[in-house]
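Below you'll find the structure, written out as structure tokens, and then a few comments.
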Amino acid sequence: MVRAISAKTLLASVRQPDPWFGLKYNMNLYRGCQHGCIYCDTRSECYGIDDLDDVAVKINALQLLQQELPRKRVKGVIGYGSMNDCYQPLEAELCLMRGALEIIARHGFPVHILTKSDLVLRDLDLLRQISRTYAAVSLTVTTADDALAGKVEPGAPPPSARLAAIGQLSREGILSGAMLMPVLPFIEDSLENVLGVVHGVHRAGGRYIVAAFGMTLRDRQREYYYGQLDRWFPGLSQRYRQRYGERYSAAANGAHQLESAFRDECSRLGIATRMPLYEPLAAVQHRLL
């Protein structure tokens, strides 16, 4: 289901500092998401979205952005992708993201886009323009196995398409890499899977991989996830219940060993495990003095 809503505000300030993604502001052009990832944390009750598949389009988003940007004193990084995917299939028709990037480019703000979709390549021309200030695109890749991704991220483009997008972005000079998160226990927490992502990003020319070895398991998110485990991985939800109970988070099996192997391989291949963050020109000039 898709419906239209009017928002009161668009840009939200991010609690500082943000060492993971480097964001100062965050925005969501949609509420809900069509990618249907079985592990999505946005299903949690705290976000107030009753049905993630019920996508609401903020029809006044571009007008709000045009009004709000000039009032921001700090030209910090604007992030996309925290509660939904800004390049979900609906975006191909509505082009809200493209319209937002056009406004951002005019006002000279930096951006960091998190997505699971190669639709981001449609906006390469605008990303090149914004990259004169700072533009980063992070493609989430939790597995390099297209068949497995079809079960855990059923509405998103396959990882092979995402890795190809990283390659094209990198060749175009856009800062690009991967988010290896979550790593689903008993499903994606093998050394083979983790290193498969690392090698895929390396072949594509990605500059960084930011990883988190585990997942959250909160209220409605947990209930939905376990239902999907029963559908795609019979018997696995019981192992989760026995291992994690009602815990807020679920660490990957052998998380410390996986992280160590991940870091060693990234170091060997010259891939950063933290993304290069935006530095305002004044800060760069001061540092060089």
Can you tell me which residue is farthest from residue 208 (Cα to Cα) among those in segment 22-34 that are surrounded by fewer than 21 Cβ atoms within 10 Å (Cβ to Cβ) and out of contact with any Ser or Thr (no Cβ under 8 Å at 6 or more places or on another chain)? 31
Criterion (over 26 Å from residue 218 (Cβ atoms), modelled with pLDDT of 95 or more and touching a Phe, Trp or Tyr at 6+ places or on another chain (Cβ under 9 Å)) met by exactly one of 62, 69, 101, 29: 69
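Sort through 187, 166 and tell me the only one that's in a loop (DSSP other than H, G, I, E, B), surrounded by 20 or more Cβ atoms within 10 Å (Cβ to Cβ) and of a type in the set (A, V, I, L, M). Walk me through it before giving the result.
Values: 166 fails: in a loop (DSSP other than H, G, I, E, B).
Going through 187, 166 in turn, just one is in a loop (DSSP other than H, G, I, E, B), surrounded by 20 or more Cβ atoms within 10 Å (Cβ to Cβ) and of a type in the set (A, V, I, L, M): 187.
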Could you check segment 64-81 and list, in sequence order, the residues that are without any contact (Cβ under 8 Å) to a residue 60 or more places away in the chain and either surrounded by fewer than 15 Cβ atoms within 10 Å (Cβ to Cβ) or closer than 24 Å to residue 131 by Cβ (or both)? 65, 66, 67, 68, 69, 70, 71, 73, 74, 80, 81
Filter segment 118-139 down to the residues that are within 14 Å of the chain's Cα centre (by Cα), in a helix (DSSP H, G or I) and of a type in the set (A, V, I, L, M, F, W, C) and list them by number. 119, 120
Any residue in segment 26-41 that is in contact (Cβ under 8 Å) with a residue 60 or more places away in the chain and in a helix (DSSP H, G or I)? yes
May I ask you to list pairs of residues, at least six apart or on different chains, whose Cβ atoms are under 8 Å apart, with the first in segment 169-183 being within 14 Å of residue 152 (Cβ to Cβ) and among the small types (Gly, Ala, Ser) and the second being part of a loop (DSSP other than H, G, I, E, B) and modelled with pLDDT of 95 or more? none
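Please determine whether any residue of segment 240-249 is in a helix (DSSP H, G or I), in contact with a helix residue (DSSP H, G or I) (Cβ under 7 Å, 6 or more places away or on another chain), modelled with pLDDT under 95 and more than 15 Å from residue 197 (Cβ to Cβ). Please lay out each step first, then the result.
Quick first cut of segment 240-249, residues in a helix (DSSP H, G or I) only: 240-244.
Those left that are additionally in contact with a helix residue (DSSP H, G or I) (Cβ under 7 Å, 6 or more places away or on another chain): 240.
Narrowing further to those that are modelled with pLDDT under 95: none.
Looking through segment 240-249, none of the residues is in a helix (DSSP H, G or I), in contact with a helix residue (DSSP H, G or I) (Cβ under 7 Å, 6 or more places away or on another chain), modelled with pLDDT under 95 and more than 15 Å from residue 197 (Cβ to Cβ).
Looking at segment 5-25 only, could you name the residues that are of a type in the set (A, V, I, L, M, F, W, C) and outside any strand (DSSP E or B)? Step through it out loud before you land on a result.
Going through segment 5-25, the residues of a type in the set (A, V, I, L, M, F, W, C) turn out to be 5, 7, 10-12, 14, 20-21, 23.
7, 10, 11, 14, 20, 21, 23 - these are the residues of segment 5-25 that are of a type in the set (A, V, I, L, M, F, W, C) and outside any strand (DSSP E or B).
The values are calculated or read from the model by the stated rules, or taken from the named source; none is laboratory data. Worth saying up front: this structure is predicted, and the values here are computed from it rather than measured. FYI the Cβ positions are ideal-geometry reconstructions off the backbone, even for glycines, and counts take in every protein chain you see.
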